Amino acid sequence: MADEDDTKQQGQQEEEEKKQEEKKTEAGDKNSLIGRLLPKVIIAVAVVSLAGAGFALGRLFAGPGTPQEHEESERDQSTQTEALKAGGSADDSQKNWYFNLDPVVANLDVADVTRYVKASLTLEVSFDIDERKGNAFLKEKQPILTNWLTVYLASLSLDDIRGDKSLKRIQSQVLDAFNEMLFPDSKPIIKHILFKEFAVQ
């Protein structure tokens, strides 16, 4: 009987030892897995952090991305400045859209020598008229506008186009004439006449 008790105790001890060895093996496997993955996780986190920091610093210290973006930024600022000078607000210029007329060349009213003026205009149009429909309408009316502008410029002398006061007067007269021709029974839709080019030869 004593032998049976000893055998049972010995069997229990062996079972306990096996369980403890299995637990150690499982713990070792977990530690081994963590030991293998931890350096990879640390490297991945470091790479992502450094890439994000590099991107943020690049965006912080860089100006506009392309020359075209730089030009657009300057154009937006000059448009807002022009709107403020013309008595409007910067918000008003954001509500408008633009239409480019074909360049016009006209002989000036000068007796002795042949002199001519080349003018390229941009119309600043109110958003009261839809941009897509307005573009189609202005393209349809463009021959009438360029004809009127050619005749008008041909009636001017050199003295009529010299100096900034003369150019502002020309802008005002063209603006009034275009609005009267295109929108005779409504409030003015064309807000400003902008010179892209005004060259006298």
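Quick note: the coordinates plus some simple rules give every number you see, no bench work behind them. None of the values given here were measured: they were computed from a predicted structure. As a convention, Cβ positions derive from the backbone with ideal geometry for all residues, glycine included, and neighbour counts pool all protein chains shown.
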Check: Which shape class applies to region 95-200: rounded if a/c is under 1.5, otherwise prolate when a/b exceeds b/c and oblate if not, where a ≥ b ≥ c are the square roots of the Cα gyration tensor eigenvalues?
Finding: prolate
Next item on the list: Using only Cα atoms, locate the centre of region 134-169 and the centre of region 177-201, then give the distance between them in Å, rounded to an integer.
Entry: 8 Å
Notebook entry, point to check: Tally Lys/Arg at +1 and Asp/Glu at -1 over every other residue whose Cβ is under 14 Å from the Cβ of Asp176; what's the total?
Noted result: +3
